[in-house]
Amino acid sequence: MPTHTSAPSCSVSLFDERVLADPYPTYTALRSTGPAVHLEQHGVWAVPGYAEVHAVLKDPVTFSSDGGVALTEQANSGILADSMMARDGEEHARLRQVLARRLSPRAVSKRREELSSRAHRLVADHTRTGFFESVALARQMVCETSGSLVGLTEPENSVLLAGTFDVFGPDNDRFRQALPEAAAMRAALERALSRETVAPDSLAAAAYTAVDRDKLTEPEAVALTCDYATASVDTTVLGLVETIARLAQDPVQWTRLRKDPDRAEAAFHEALRLDAPIQGRGRIVTRTTALGGVRIEAGEQLWLLYGSTGRDERKWGARADTYDLVRPFADRHLALGEGSHQCPGVSLALMQARCLLRALAHRCAHLAPAGDLVRALHNTVRGYTSVPVAVELSPHAGNATSPSAARRPR
Ligand code: HEM
């Protein structure tokens with residue numbers, strides 16, 4: 001591996017609207033600049049390549065989440081201070097083991113029928129007129145699922161705003177707008193998740209049981225449940241919408257999915273790889289180290305570009321930018337993290353994708369965009385606020401409607 005005699009650096013502002021709208025040319029430039037690139041405007045090291053981000057995630061002792069997942073001290077020591085995401089070592093393991101096993105592949109497989117019948121009901125409802133808004137469909141699917149999982153008796157309480165993820169970003173207008181929103185959301189969740197009101201057999205109920213067994217304190221139980229509630233909704237909605245948008249624009253891949261509905265998970269993985277809902281996260285370097293030959297001092301911060309790793313040609317080859325349901329090892333992307341902080345909701349997110357995409361493939365012969373796809377611009381998450389889709393229902397779905405005849409409801 002080459003050693004860099006001078007530290008690679010770059011003056012780009014990752015959070016300008018132009019970059020957020022299409023970050024991929026910037027990511028390509030960063031990958032060719034170095035394995036770690038000092039971002040002069042933000043005072044952190046961008047890590048854009050797959051191999052380096054993977055190595056960082058596998059070494060939480062050298063690259064810690066404690067005090068460094070967000071780009072501002074205000075967020076790290078404020079709204080994120082009691083989050084499991086910002087802990088490491090034994091403390092992190094103690095918190096993580098309380099609820100993560102309730103989301104194991106085995107635990108989630110028991111919810112397959114519930115999720116499948118929800119998906120079929122929602123797809124039938126939303127596609128009835130020959131047109132649907134993917135964001136509304138995905139949001140309803142995910143809010144109902146997360147609401148009952150976490151223990152919110154009113155599923156609409158789990159409607160979050162992707163904008164609140166802006167608190168992970170630098171101190172800019174989006175960050176300043178998100179801080180009070182995130183605080184209000186947290187307060188609303190805490191009220192909705194009080195011991196007296198949570199649903200039995202939910203994550204919140206399990207966290208309170210752990211309190212009764214002296215495994216958690218009451219504030220830890222609340223913070224932990226809020227972590228799951230906030231982490232589970234927008235991420236999954238953004239990923240599902242991205243997948244539907246890709247399929248609606250790509251008849252070849254849509255036909256592939258209809259012919260082989262078992263490709264539903266690959267369809268989701270490919271969308272996550274190409275447009276990771278969480279584009280970046282931070283880590284603090286605890287001891288001076290070399291990352292890909294670049295020396296980084298203890299105390300400095302890294303910004304891991306999950307969104308860039310999915311496009312890294314060294315990992316994904318010359319067709320890295322292509323959406324491909326038959327790509328080998330499509331699930332090896334880093335959009336769901338890796339290592340000790342790897343997303344514990346992987347199986348649930350995949351099961352929702354599997355059920356929703358299979359229901360769509362069953363009911364719809366063709367999908368096509370029915371208007372402009374509108375992207376939201378956020379500091380750290382990527383996704384659409386509107387993806388209108390026209391459908392031609394398959395003959396066995398009844399009420400067949402052709403995409404060209406479909407009207408967008410006013
Ligand atoms: C497509 C959907 C999802 C995506 C893209 C996603 C992405 C991620 C990523 C990248 C991380 C690691 C962050 C880091 O490295 O610091 C993470 C952590 C986490 N996710 Fe997810 N996630 C999704 C769905 C879910 C769901 C459905 C749940 C819960 C049911 C969930 C709960 C969590 C929690 C609690 C953490 C923190 C884990 C820890 O710090 O140990 N996520 N997620």
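The values are calculated or read from the model by the stated rules, or taken from the named source; none is laboratory data. Keep in mind that what you see is a predicted model, and the values were worked out from it rather than measured. Glycine also receives a Cβ, built like all others from the backbone with ideal geometry; neighbour counts cover every protein chain displayed.
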Next item on the list: Considering (1) in contact (Cβ under 8 Å) with a residue 60 or more places away in the chain; (2) more than 14 Å from P48 (Cα to Cα); (3) assigned to a loop (DSSP other than H, G, I, E, B), say which one A276 fails and leave the rest.
Entry: (2)
Notebook entry, point to check: Could you say whether any residue in the stretch 21-29 is at pLDDT 95 or above and among the aliphatic types (A, V, I, L, M)?
Noted result: yes
Checklist line | Top-ranked residue in the stretch 177-204 [being within 18 Å of M84 (Cα to Cα) and over 22 Å from the mean Cα position of the chain (by Cα); ranked as surrounded by the most Cβ atoms within 10 Å (Cβ to Cβ)] | finding: L193
Notebook entry, point to check: In this structure, is A210 within 16 Å of the ligand (Cβ to nearest atom) and at negative phi?
Noted result: yes
Margin query: Looking at the structure I just gave you, is G292 on the phi > 0 side of the Ramachandran plot, free of Cβ contacts under 8 Å to residues at least 60 places away in the same chain and away from the ligand (no atom under 12 Å from the Cβ)?
Written below: no
Notebook entry, point to check: Out of all the residues in the stretch 308-317, is one or more hydrophobic (A, V, I, L, M, F, W, C), at pLDDT 95 or above and within 10 Å of the ligand (Cβ to nearest atom)?
Noted result: no
Notebook entry, point to check: Is there any pair with a first residue in the stretch 318-346 that is more than 19 Å from Y24 (Cα to Cα) and more than 6 Å from the ligand (Cβ to nearest atom) and a second that is among the basic types (K, R) and in a loop (DSSP other than H, G, I, E, B) whose Cβ atoms are under 9 Å apart and which are 6 or more apart or on different chains, and what are they?
Noted result: R327/R319; E338/K58; G339/K58; S340/K58
Next item on the list: Quick one: count up the residues across the stretch 189-209 that are in a helix (DSSP H, G or I) and basic (K, R).
Entry: 1
Checklist line | strands (runs of 3 or more DSSP E) contained entirely in the stretch 36-155, each with at least 3 residues that are within 12 Å of the ligand (Cβ to nearest atom) and modelled with pLDDT of 95 or more | finding: none
Notebook entry, point to check: Within the stretch 230-248, can you find the residues that are more than 19 Å from R281 (Cβ to Cβ) and within 8 Å of the ligand (Cβ to nearest atom)?
Noted result: L240
